[in-house]
1. Filter the range 201-229 down to residues that are among the hydrophobic types (A, V, I, L, M, F, W, C) and surrounded by fewer than 19 Cβ atoms within 10 Å (Cβ to Cβ), then give me how many there are.
2. What's the number of the condition residue 75 fails, among (1) aliphatic (A, V, I, L, M); (2) closer than 30 Å to residue 215 by Cβ; (3) surrounded by fewer than 20 Cβ atoms within 10 Å (Cβ to Cβ)?
3. Output the residue which, of all residues in the range 1-33 that are assigned to a helix (DSSP H, G or I) and of a type in the set (A, V, I, L, M, F, W, C), is farthest from the chain's Cα centre (by Cα).
4. It is to be established whether one or more residues within the range 150-164 are under 30 Å from residue 277 (Cβ atoms), hydroxyl-bearing (Ser, Thr, Tyr) and touching a Phe, Trp or Tyr at 6+ places or on another chain (Cβ under 6 Å).
5. Kindly indicate which of 213, 218, 238 is modelled with pLDDT under 95 and in contact with a Ser or Thr (Cβ under 7 Å, 6 or more places away or on another chain).
6. Give the residues of the range 47-67 that are touching a Leu at 6+ places or on another chain (Cβ under 9 Å) and either farther than 18 Å from residue 132 by Cβ or part of a loop (DSSP other than H, G, I, E, B) (or both), sorted by residue number.
7. Does the range 93-112 contain any residue that is crowded, with 19+ Cβ neighbours inside 10 Å, within 25 Å of residue 143 (Cα to Cα) and touching a Ser or Thr at 6+ places or on another chain (Cβ under 8 Å)?
8. Can you run down the residue pairs with Cβ atoms below 6 Å, 6 or more apart or on separate chains, where the first is in the range 144-155 and more than 8 Å from residue 175 (Cβ to Cβ) and the partner is aliphatic (A, V, I, L, M) and assigned to a strand (DSSP E or B)?
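The values are calculated or read from the model by the stated rules, or taken from the named source; none is laboratory data. Bear in mind the structure is a predicted one, so any value in this text is a computation, not a measurement. Reconstructed Cβ throughout: ideal geometry from the backbone, glycine too, with neighbour counts over all protein chains shown.
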Amino acid sequence: MQNEDIKFLIIGGGPAGYTAAIYGARADLSPVLYEGMQPGGQLTTTTDIENYPGFENGISGTGLVETMRAQAIRLGADVRTGTITSVDLSSRPFKVVVDSQKELHAQSLVIATGATAKYLGLPSETKFRGLGVSACATCDGFFYRKKVVAVVGGGDTACEEATYLAGLCRKVYMIVRRDVLRASQAMQERVKTTENIEILWNCNTLEVLGDDAGVTGARLQRKDGEVFDIALDGFFLAIGHHPNSDLFSEWVNVDKEGYIVTDGKTSRTNVEGVFAAGDVQDPIYRQAITAAASGARAALDAEKFLKML
C-alpha cells in the first residue's frame, strides 16, 4: 500500500473542513483535505441561503461551498476526492487509509465529517428534497413566510422547529406518530399554546405530495387506519441527526448521540493532535456559519499544536 506523510490532514468537505483548509493554508501548514462521499456536506441539499453573511442577495448552498472550496485551493490547500475507509488514532503519526488503497501518516487531524439528517425513507421525500422537503427550519423557514408547512417529529427539536416556523408561517402542522410529545414539558406547553400550530396525533406519513414546482401536500395515515391528505407548501423533518463519527469513535470520546466531545470552547478531542469541527461535534446549532467558525478554531488549535512538536 502506498504511504504519504502529511502535516495537517482534514477529513470532510463542508464549511468546517474548507474553512480549516483556508486557515491552515494561510498558516503554511500545507493542509490536505479529503472531501468524502458528499463534497459540500448538507449545504448541497439546500437551495438558497440568505442568512450567511457577505451575500446580500443570498447564494445557493452549492454555490457557497464551491466558493469556499475554490478559496481554499487558491490559498494553497490540497483538496482531494476520496473516501476515508479506516483510521488508527492510537499513536502519532495517525494512520488514515483512503479508498482502501493509500495510507496517510498525519501529524495532526481535523475531523469535519458533519452529520446526516434522519429521513423517513420515502421515495417521494427524496424526490422533493430541496423542493419543499427540508431538515432545517432555521435554514429554510424564511422561504415559507405566510405559507402552510408541516414538521415531522415529537421531541424537543420538532417542537423548537415548529415554534420557530410558527413565527413565520400562516399555519404549522406537527405530525406526531404517538398520542404524546416526547419533548420537555416547557416545550410542550409552548407548542400547545401557539395558536397556529396544529398537532396531528397518531399519524404516520405515507407520501409527500407534489408537482414539478415542489411540495403540495402530504398523505397521512392515522393509527386507526384512516388515510387523508393535507395541503402544504413545505415539509420539515425533525426526527434527529446522526453525526458521522462512527469511524473515529474507537479513539475519540463521543456523547450518547455519537457527537464528538471537544474540550470546552476549543476543538481539541481527548486524542492529542486530533481536533473536531462542524456538525460532527455540534448537536445544537448546526448552521453553516457556526460550522465555518469551528473550522477556523480547529485550524488555529492545530497550528498551535504543531508549533509545539
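1. Selection size over the range 201-229: 6.
2. For residue 75, the failing item is (2).
3. 25
4. Checking the range 150-164: not a single residue is under 30 Å from residue 277 (Cβ atoms), hydroxyl-bearing (Ser, Thr, Tyr) and touching a Phe, Trp or Tyr at 6+ places or on another chain (Cβ under 6 Å).
5. Just a single option satisfies the conditions, and that option is 238.
6. 47, 52, 55, 64, 65
7. no
8. Listed pairs, sorted by first residue: 149/172.
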